[in-house]
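S.K.: Let me begin by handing over the structure; questions about it come next.
What follows is calculated from the coordinates using simple rules that are stated; it is not laboratory data. The model shown is predicted, which means the values in this text are computed figures rather than measured ones. Note: ideal-geometry Cβ built from the backbone for every residue, glycine included; neighbour counts use all protein chains shown.
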Ligand code: FES
């Protein structure tokens with residue numbers, strides 16, 4: 001299995017190539033998706049780009065949907081708290 005390096009909130013993590021950012025975040029730490037405006041934890045819900053629950057910052061792009069993006073080598077992912 002080929003792995004690539006992803007930077008999650010500044011920490012380098014090895015994840016399998018070909019998975020979504022959401023899957024990579026879940027694989028590394030399921031609590032990384034930040035919070036709702038009500039202070040509850042966000043997480044992957046629909047997994048198909050509809051609910052917006054998995055929003056993160058990817059390579060500086062705010063509001064990126066983690067379930068709709070595949071990981072790439074050196075990608076920088078920041079959760080939005
Ligand atoms: S989990 Fe619903 S948009 Fe990503």
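S.K.: Determine the gain in length on full extension of the stretch residue 46-residue 12; use 0.36 nm per residue of separation and subtract their C-alpha separation, reporting nm with one decimal.
M.R.: 9.5 nm
S.K.: Highest mean first, how do 35-44, 69-78 rank when packing is the count of other Cβ atoms within 10 Å averaged over residues?
M.R.: The densest-packed peptide leads the list: 69-78, 35-44.
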